[in-house]
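Just below is one structure, and these are the notes that go with it.
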């Protein structure tokens, strides 16, 4: 195969592949092997969606197997694209592969005749399972530090409660974000929900919100009975994970509210003794930033009772660019049957840290600090999990905050209320 080098440049707001010759440019899908922005997400308990982007048409084919360079299996998917003002995206490919064995290593390549080989490990089917949790990631030097720390954590799945690329209408930043996270997102599933920076709606000019987010980060919403990519749920290794949308309707008459009611009723705590929820705008927050926002106040008023009665164990949020962990809480007060609320919006955004807190510290707030970092939730078994928060300034092995959690399903005083 001819060897060549390619560069990526932006022309008129679009990303272009620049090859050293016309012949190479015509073959750049093979010669330059431009299968980029690869990321994974789980689909059901034994399938994986592989998403990637090319600048030229190519089959949405994934070849995969359990040994390097040997691909016993192949699957075909779908291709889409989107336009945003003067920007036209590349070819966005989504291919679901499987069934896959749990806790197993697979090797794969995207497209046909690609020389780039990727690998991933499937999540385990039973405990223990380890989640990396990070919000408000962005594309800064702090982001790179956060990603390095996460890479060292040997996690099974990453959970991200909104604000991914901080493109904020500048669509090429979605492309650079895809390349930035590809080394990690192509190896482990990244399960995300949207934040305010994903809305990208311009009145009268571009009225459809979440255009880039929905096109690029397709999540398995259909499998959980949701009609929207903005809210969904899935099971992994004894944990039921619910992703909610802070920036879509959440009142009792909304589709999201009705879906959440139905989803909570379906949870089998014998099969998934842990239930974890992710939102973007935190319901509990003692930082001076983002106080009084309806996405926090009104969503909490609408949905907190549902999560409390279902005995949700942990609620992760982003939005506030700092870290804070609350005790188990409900209706503003300590409640041993309520969720632990954790704000983890300190991934590395370009807007900086939210360094001012309300004093005195509320009794329900246990630990708070304005530092960049990420969290790890190691669910050891049906009853116990270890939560740790890691500052970027520390060695990855050092946790700045940690607490052992006991699942509410194992607490006889906290029976699920229907």
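Data overview
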read-out: Residue within the stretch 11-26 that is in a strand (DSSP E or B) and at pLDDT 95 or above present; value: no
read-out: Any hit, the stretch 295-303, residues being over 25 Å from residue 235 (Cα atoms) and surrounded by 18 or more Cβ atoms within 10 Å (Cβ to Cβ); value: yes
read-out: Elements of type strands (runs of 3 or more DSSP E) in the stretch 45-99, at least 3 residues being without any contact (Cβ under 8 Å) to a residue 24 or more places away in the chain and on the phi < 0 side of the Ramachandran plot; value: 73-76
read-out: Residue list for the stretch 261-283, filter: under 30 Å from residue 359 (Cα atoms) and in contact with a helix residue (DSSP H, G or I) (Cβ under 8 Å, 6 or more places away or on another chain); value: 277, 279, 280, 281, 282, 283
read-out: Failed item, numbered, when residue 223 is tested on (1) closer than 22 Å to residue 96 by Cα; (2) surrounded by fewer than 18 Cβ atoms within 10 Å (Cβ to Cβ); (3) without any contact (Cβ under 8 Å) to a residue 40 or more places away in the chain; value: (3)
read-out: Any pair with Cβ under 8 angstrom, 6 or more apart, that starts in the stretch 354-367 at a residue that is touching a residue at least 24 places away in the same chain (Cβ under 8 Å) and ends at one that is loosely packed, with under 13 Cβ neighbours inside 10 Å and assigned to a loop (DSSP other than H, G, I, E, B); value: 364/332
read-out: Selected residue (only one of 371, 355 is within 23 Å of residue 196 (Cβ to Cβ), assigned to a loop (DSSP other than H, G, I, E, B) and more than 24 Å from the chain's Cα centre (by Cα)); value: 355
read-out: Criterion (modelled with pLDDT of 95 or more and surrounded by fewer than 16 Cβ atoms within 10 Å (Cβ to Cβ)) met by exactly one of 345, 332; value: 332
read-out: Residue 415 being farther than 18 Å from residue 142 by Cβ, modelled with pLDDT under 95 and over 22 Å from the mean Cα position of the chain (by Cα); value: yes
read-out: Scope the stretch 148-166; condition in contact with a helix residue (DSSP H, G or I) (Cβ under 8 Å, 6 or more places away or on another chain) and surrounded by 21 or more Cβ atoms within 10 Å (Cβ to Cβ); matching residues; value: 150, 158, 162, 163, 164, 165, 166
read-out: Filtered residues of the stretch 393-405 (kept if in a strand (DSSP E or B) and either loosely packed, with under 14 Cβ neighbours inside 10 Å or at pLDDT below 95 (or both)); value: 404
read-out: Some residue of the stretch 287-305 being touching a strand residue (DSSP E or B) at 6+ places or on another chain (Cβ under 8 Å) and within 17 Å of residue 136 (Cβ to Cβ); value: yes
read-out: Matching entry among 230, 264, 260, 307 (being assigned to a loop (DSSP other than H, G, I, E, B), crowded, with 19+ Cβ neighbours inside 10 Å and in the same structural domain as residue 177 (by TED's automatic domain parsing)); value: 230
read-out: Residues located in the stretch 233-257, provided they are assigned to a loop (DSSP other than H, G, I, E, B) and either out of contact with any strand residue (DSSP E or B) (no Cβ under 8 Å at 6 or more places or on another chain) or buried (at least 23 other Cβ atoms within 10 Å of the Cβ) (or both); value: 244, 245, 246, 247, 248, 249, 250, 251, 252, 253, 254
read-out: Residue 253 being within 14 Å of the chain's Cα centre (by Cα) and farther than 18 Å from residue 316 by Cβ; value: no
read-out: Failed condition for residue 384, given (1) more than 19 Å from the chain's Cα centre (by Cα); (2) closer than 30 Å to residue 151 by Cβ; (3) surrounded by fewer than 18 Cβ atoms within 10 Å (Cβ to Cβ); (4) touching a residue at least 24 places away in the same chain (Cβ under 8 Å); value: (4)
read-out: The stretch 267-285, subset in a strand (DSSP E or B) and closer than 19 Å to residue 228 by Cα, residue farthest from the chain's Cα centre (by Cα); value: 277
read-out: All positions within the stretch 350-361 that are closer than 20 Å to residue 400 by Cα and surrounded by 13 or more Cβ atoms within 10 Å (Cβ to Cβ); value: 353, 354, 355, 357, 361
read-out: Residue within the stretch 369-392 that is under 20 Å from residue 163 (Cα atoms), modelled with pLDDT under 95 and touching a helix residue (DSSP H, G or I) at 6+ places or on another chain (Cβ under 7 Å) present; value: yes
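So that you can scan it fast, the table gives a plain yes or no per residue for (1) closer than 24 Å to residue 45 by Cα; (2) surrounded by fewer than 20 Cβ atoms within 10 Å (Cβ to Cβ):
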residue: 76; (1), (2): yes, yes
residue: 103; (1), (2): yes, yes
residue: 106; (1), (2): yes, no
residue: 111; (1), (2): no, no
residue: 114; (1), (2): no, no
residue: 144; (1), (2): no, yes
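The values are calculated or read from the model by the stated rules, or taken from the named source; none is laboratory data. Quick caveat: nothing in here was measured; it's all calculated off a predicted structure. No Cβ is skipped: glycine too gets one built from the backbone with ideal geometry, and neighbour counts run over all protein chains shown.
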